[in-house]
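Have a look at the structure below before the remarks.
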Amino acid sequence: MKSHNFFAWASISLLSLSATAQTTNNNDARGNLAIIATATGSSRPGETLTNLNDGLTPATPGYRRRNRPQPILSAPWVEYDWRQPVRTNEISVYWWDYTGTAHIPIAYHIQYWDGNNFVPVHNATGLGLVNNGFNNTSFDEINTTRLRVELDSTDRYASTLLEWKVMESKDMSPLPPVTIAGVDRDVMLGGKTWLAGVIKSVHPVTRTAWNKTSGPGTASFSNAGATEGTATFSAPGDYTLTLTAWQGNLSSASTIKVKVRPLPPVKRLDVVYTKHYSVDSKLWNDRAKSIIVNWIPFCIDQINRSDLSTGQGGIDNFIEAAKALRGEPHGKHKGYVFSNAWVHQTVEAMCEALMVDPKGDGEIIAAQEKMKKTLEQWIPIILSAQEPDGYLQTAYTLRDTSRWHDRWSPESRGNHEGYTAGYFIESAINHYTLTEGKDRRLYNAAKKLADCWVAHIGPGKIAWFDGHQEMEQALVRFGRFVNDMEGHGHGDSYIRLAKFLLDNRHGGSDYDQSRVPVQEQYEAVGHAVRATYTYSGMADIAAETGDIDYQSAVLSLWDNMVNKKYYITGGIGSGETSEGFGPNYSLRNNAYCESCSSCGLIFFEYKMNLAYHDAKYADLYEETIYNALLGSLSLDGKDFYYTNALAAEQPRYAWHVCPCCVGNIPRTLLMMPTWTYVRGDDGLYVNLFIGSTMKIEKVAGTDVEMVQKTDYPWNGKVSMTVNPKVSKEFTLYIRVPNRTTSELYTPVPSVSGLTSISVNGKSITPSIVKGYAVIRRTWKKGDKIEMELPMKIQKVMASDKVDADKGRVALRYGPLLYNVETADQQNINQPIGPTPLSLKWKDNFLHGVMTINGTWADGSPLVAIPNYTRLNRLKPTPTPENEMEKKPISIVWIKD
């Protein structure tokens, strides 16, 4: 029996299985051909519906959808595809209406592929619509490679169809099994990779075997005759492993590619905490001011409101929770169970905004005064809602005890206990740095909360994991911070707890990255925000502990995400599964690319940079910052995007029913010193080029003020003045950008390297190590580095494997991707003309931008604008509007 959840079936792709599937049919000895078919549907192109043909009889508990709008009736279809022709004259379908909350179709039709078109089967008899059971339909025998069921007037995604069997004809010749070796992956030399092959067969499989078919060394299998096991390798390099399955004399095989990598450096790089800094940059002065003057104050006002009808649940929840803790009459919890999250995010964003030097700007000063007053108001309110043992989540304190019984219970995984707690812990870090440790109210409360979790969860205690990850990366971030502030390993217990929470992720679903243990995950799947928070925490644990299985899994996940599921804008999550990833290379341009997933991806890439000391990870998070995330806010800082499509027509909006991104966006963007610099034992790494003055502590035993002067990304000239507190010998590692960030995209011309670099006016030729120009010398106050990065207009082509972008190009200049919009030329659905592309600075256009200019095929002027400025000439709306039927008016990928 199998259990079906409406949204799991309708919205979540289970792309990897770990068992041998074979047909079972109590009423017919004939085999079920569906077992070896690939199932797809009209609802989401590229989606794989593995539950539909798993050969199991559905179990249908009394599941009801709550608080959902009535679905729109439509006519979807589902389809089976076979690798070779099959013969059949009967199918059986299982309908389920979810106890009356979903629509079974009023009719359905069966069609098969005749080699040219889908045509109806002949003399169909049956076509039953009995709920909660199989319905058999027979018809004249067909020979085909594709079979389709079209539904008439049902819910979207054909969700009421739980199982679809296709019975083989009685005299049909046997078909070989379908073998799926698994996903490509990376593994550290000396580590092991977990094998979880899948064999689908109409009739019993007689033998299976793994073997190495290529590679520089030997591959050893723990059990070469089983689909599941492990493999180890004797030498680094690229390997191919093959899984073969036999059904009598018939066989099939499938391969996976394994990259065996050398181990990362033993010691990670060190975090540079965000502390007081100033910005001196055309672009970033403008963006920071919009965030500080408009966006964060608006979030404060929204969180203070108690009358919101959309996206409610602000500071009022903490007030009511405090009343409950005091035994006073209190109101109910408002909004989602995770609504505390945007309060904590906004606290962190305020702390960071208060560390930005206003440089006499009256509007910024006024906004910062409001933030100071808000923090003084909010901090006592938030702390008053903390339970005596340190636990903090207002949804739990104000819960309906008949429904939510205990903390950290399996049935409460969806209540976001760790998600909200993690954001609180992280907010305490930047409050501590803002006050230079003089105000430890949030810091001490965060320790109390983390200690509460440590006291209850761990070996010999509660074994648990949260349905929405965040606590894991927060605990490591906080553990490191506590160790740096207090020493003596006081934060180590938090890091151990983070690993324990990750180690417990198994037995769940791909949606929240818990189907298999994290050490055995090699493909980015499921909800994209949950995924990046998981992978960020895993990268932390790999760097902190040196756990080789974590290192292998993290690098595999990074490789899969960046080289098979990554948008050119630095966004992730096509939305083909619920707010998440689709299959490899399925990168539709009406993408989801949630803003929070961009925040999570920046953290993940940053952690990889810490672990591997490699500039390519900073290349990637720069790309995400300048495009996917920076463009999520309007230029005036008054509206935002929850999702960030590459072909769009929807204006930004002020608020969202789920405002989880509203504080995450500014708290990530304003963490500039952390993204810009990283410390190593022997020196300082420069990862971003932003006109600024920032102080970095403990660089080879001294503090160093770094002053950057640059108009980057508008041009490539950068100067850096190095001001150590005392003269000191150390190494500066300066990132040399490589614009080829993913195997998915090929830019022309290629741009990398340095045009020039000098120290105190003397030209040098530094060695380039892992993407960094390495300069070691005794640095004294006033030493000046001047460099120029090559900046050219590039046309970028996508891999042929990305169907959505075939015949199209994207325009890039430096780290910036560009859009064309109907606001500048009505017909953007035509090729670029032959005129050479050129740059033009427009000071009074879109807050000052460099445009790319050329002509369209029809000879009309082409103007392309930076992706982050897209759709700023549309009137915003209070909340998102459904514009799905409209044509895109702003696109990244242009016909070539």
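The values are calculated or read from the model by the stated rules, or taken from the named source; none is laboratory data. These numbers come from a predicted model, not from an experiment. All Cβ positions, even for glycine, are placed from backbone atoms using ideal geometry, and neighbour counts span all protein chains on display. Heads up: the accessible areas ignore ligands, DNA and RNA and are worked out on the full protein's heavy atoms, side chains in. Shrake-Rupley method; radii C 1.70, N 1.55, O 1.52, S 1.80 Å.
Of these, H344, H330, H405, which one is without any contact (Cβ under 8 Å) to a residue 12 or more places away in the chain and of a type outside the set (F, W, Y)? Let's see the steps before the verdict.
Working: H344 fails: without any contact (Cβ under 8 Å) to a residue 12 or more places away in the chain; H330 fails: without any contact (Cβ under 8 Å) to a residue 12 or more places away in the chain.
Going through H344, H330, H405 in turn, just one is without any contact (Cβ under 8 Å) to a residue 12 or more places away in the chain and of a type outside the set (F, W, Y): H405.
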- Task: Could you please give the count of residues in segment 200-218 that are open to solvent by 20 Å² or more (accessible area, probe 1.4 Å) and either on the phi > 0 side of the Ramachandran plot or among the small types (G, A, S) (or both)?
- Result: 3
- Item | Residue list for segment 487-499, filter: modelled with pLDDT of 95 or more and open to solvent by 40 Å² or more (accessible area, probe 1.4 Å) | D492, R496, K499
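What number of residues in segment 670-688 are part of a strand (DSSP E or B) and either touching a Gly at 6+ places or on another chain (Cβ under 6 Å) or of a type in the set (F, W, Y) (or both)? It would help to see each step written out before you state the result.
Pass one, segment 670-688, residues part of a strand (DSSP E or B): 677-680, 683-686.
Now restrict to residues that are either touching a Gly at 6+ places or on another chain (Cβ under 6 Å) or of a type in the set (F, W, Y) (or both): 677, 685.
Final tally of qualifying residues: 2.
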- Note on the structure: Scanning segment 83-118 for residues that are without any contact (Cβ under 8 Å) to a residue 12 or more places away in the chain and touching a Ser or Thr at 6+ places or on another chain (Cβ under 9 Å) gives G115
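Could you list all residues from segment 176-197 that are among the hydrophobic types (A, V, I, L, M, F, W, C) and either within 30 Å of V166 (Cβ to Cβ) or in a loop (DSSP other than H, G, I, E, B) (or both)?
V178, I180, A181, V183, L189, L195, A196
Just need a number here: residues in segment 798-812 that are open to solvent by 10 Å² or more (accessible area, probe 1.4 Å), in contact (Cβ under 8 Å) with a residue 60 or more places away in the chain and not polar (S, T, N, Q). Give the derivation first.
Of segment 798-812, the ones open to solvent by 10 Å² or more (accessible area, probe 1.4 Å) are 798-801, 803-804, 806-808.
Filter once more, keeping what is in contact (Cβ under 8 Å) with a residue 60 or more places away in the chain: 798-799, 801, 803-804, 807-808.
Those left that are additionally not polar (S, T, N, Q): 798, 801, 803-804, 807-808.
Number of matching residues: 6.
Is it fair to say K289 is under 23 Å from H431 (Cα atoms), over 26 Å from the mean Cα position of the chain (by Cα) and in contact (Cβ under 8 Å) with a residue 12 or more places away in the chain?
Working: under 23 Å from H431 (Cα atoms): yes; over 26 Å from the mean Cα position of the chain (by Cα): yes; in contact (Cβ under 8 Å) with a residue 12 or more places away in the chain: yes.
In short, yes.
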- Task: Among the strands (runs of 3 or more DSSP E) lying completely within segment 79-167, list those that include at least 2 residues that are open to solvent by less than 20 Å² (accessible area, probe 1.4 Å).
- Result: 107-113, 133-152
- Query: Can you name the number of the only condition in (1) over 26 Å from the mean Cα position of the chain (by Cα); (2) over 29 Å from A591 (Cβ atoms); (3) touching a residue at least 24 places away in the same chain (Cβ under 8 Å) that K770 fails?
  - Reply: (1)
- Query: For segment 435-449, how many residues meet the condition of being within 32 Å of the chain's Cα centre (by Cα) and surrounded by fewer than 16 Cβ atoms within 10 Å (Cβ to Cβ)?
  - Reply: 1
- Task: Run Q345 past the list (1) under 17 Å from L669 (Cα atoms); (2) surrounded by fewer than 24 Cβ atoms within 10 Å (Cβ to Cβ); (3) in contact with a Ser or Thr (Cβ under 8 Å, 6 or more places away or on another chain) and report the number of the one that doesn't hold.
- Result: (2)
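For E426, are the conditions met, namely being at negative phi, modelled with pLDDT of 95 or more and in a helix (DSSP H, G or I)?
Details: at negative phi: yes; modelled with pLDDT of 95 or more: yes; in a helix (DSSP H, G or I): yes.
So E426 passes the test.
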- Query: Pick from Q830, Q794: which is free of Cβ contacts under 8 Å to residues at least 60 places away in the same chain and within 30 Å of I889 (Cβ to Cβ)?
  - Reply: Q794
- Message: Please go through segment 792-807 and give me each residue that is farther than 16 Å from I832 by Cα and in a loop (DSSP other than H, G, I, E, B), ordered by number.
- Response: K792, S799, D800, K801, V802
- Scan segment 749-775 residue by residue and report those that are open to solvent by 30 Å² or more (accessible area, probe 1.4 Å) and part of a strand (DSSP E or B). S756, K762, S763, S767, I768, V769, V774
- Considering only residues that are open to solvent by less than 50 Å² (accessible area, probe 1.4 Å) and within 22 Å of P790 (Cβ to Cβ), look in segment 813-849 and name the one that is farthest from the chain's Cα centre (by Cα). L837
- Message: If I go through segment 24-49 residue by residue, how many of them are at pLDDT below 70, under 23 Å from N136 (Cβ atoms) and either under 34 Å from the mean Cα position of the chain (by Cα) or part of a strand (DSSP E or B) (or both)?
- Response: 1
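With the requirement that a residue be small (G, A, S) and more than 19 Å from A288 (Cα to Cα), what does segment 638-661 give you? Break it down into steps so the answer makes sense when it comes.
Kept after step one, since they are small (G, A, S), are these residues of segment 638-661: 645, 647-648, 654.
Listed by number, the residues that qualify are A645, A647, A648.
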- Message: Among (1) under 16 Å from the mean Cα position of the chain (by Cα); (2) of a type in the set (A, V, I, L, M, F, W, C); (3) crowded, with 24+ Cβ neighbours inside 10 Å, there is one condition I541 misses while meeting the rest; what is its number?
- Response: (1)
- Item | Top-ranked residue of segment 310-345 - restricted to ones that are within 29 Å of the chain's Cα centre (by Cα) and farther than 19 Å from N415 by Cβ, ranked as modelled with the highest pLDDT | I315
- Failed item, numbered, when L375 is tested on (1) open to solvent by 20 Å² or more (accessible area, probe 1.4 Å); (2) outside any loop (DSSP other than H, G, I, E, B): (1)
- Please go through segment 626-657 and pick out each residue that is β-branched (V, I, T) and touching a Phe, Trp or Tyr at 6+ places or on another chain (Cβ under 7 Å). T643
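Of these, G458, G526, G491, G507, which one is small (G, A, S) and in contact (Cβ under 8 Å) with a residue 60 or more places away in the chain? Don't jump to the end; show me each part of the working.
Values: G458 fails: in contact (Cβ under 8 Å) with a residue 60 or more places away in the chain; G491 fails: in contact (Cβ under 8 Å) with a residue 60 or more places away in the chain; G507 fails: in contact (Cβ under 8 Å) with a residue 60 or more places away in the chain.
Step by step, each of G458, G526, G491, G507 is checked, and only G526 is small (G, A, S) and in contact (Cβ under 8 Å) with a residue 60 or more places away in the chain.
Would you point out which residue out of A385, A395, A366, A353 is in contact with a helix residue (DSSP H, G or I) (Cβ under 9 Å, 6 or more places away or on another chain), modelled with pLDDT of 95 or more and closer than 22 Å to T433 by Cβ?
On the way: A385 fails: closer than 22 Å to T433 by Cβ; A395 fails: closer than 22 Å to T433 by Cβ; A366 fails: closer than 22 Å to T433 by Cβ.
Sole residue among the options that is in contact with a helix residue (DSSP H, G or I) (Cβ under 9 Å, 6 or more places away or on another chain), modelled with pLDDT of 95 or more and closer than 22 Å to T433 by Cβ: A353.
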- Task: For segment 182-197, name all the residues that are surrounded by fewer than 22 Cβ atoms within 10 Å (Cβ to Cβ) and either out of contact with any Lys or Arg (no Cβ under 8 Å at 6 or more places or on another chain) or farther than 30 Å from V518 by Cα (or both).
- Result: V183, G190, G191, K192, A196
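If you check I852 against the conditions, is it modelled with pLDDT of 95 or more, in a loop (DSSP other than H, G, I, E, B), among the aliphatic types (A, V, I, L, M) and surrounded by 14 or more Cβ atoms within 10 Å (Cβ to Cβ)? Reasoning before the result, please.
Details: modelled with pLDDT of 95 or more: yes; in a loop (DSSP other than H, G, I, E, B): no; among the aliphatic types (A, V, I, L, M): yes; surrounded by 14 or more Cβ atoms within 10 Å (Cβ to Cβ): yes.
Spelling it out, it is not the case that I852 is modelled with pLDDT of 95 or more, in a loop (DSSP other than H, G, I, E, B), among the aliphatic types (A, V, I, L, M) and surrounded by 14 or more Cβ atoms within 10 Å (Cβ to Cβ).
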- Task: Give me the pairs, please: first residue somewhere in segment 684-700 and open to solvent by 10 Å² or more (accessible area, probe 1.4 Å), second residue anywhere and of a type in the set (S, T, N, Q) and in a strand (DSSP E or B), beta-carbon distance under 7 Å, and either six or more positions apart or on two chains.
- Result: T693/S278
- Query: If a residue has to be in contact with a Leu (Cβ under 8 Å, 6 or more places away or on another chain) and crowded, with 24+ Cβ neighbours inside 10 Å to count, how many in segment 572-586 make the cut?
  - Reply: 2
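Would you confirm whether any residue within segment 838-849 is among the hydroxyl-bearing types (S, T, Y) and outside any loop (DSSP other than H, G, I, E, B)?
Filtering segment 838-849 down to residues among the hydroxyl-bearing types (S, T, Y) leaves 838.
Right, trim to outside any loop (DSSP other than H, G, I, E, B) and you get 838.
Yes - at least one qualifying residue is present in segment 838-849.
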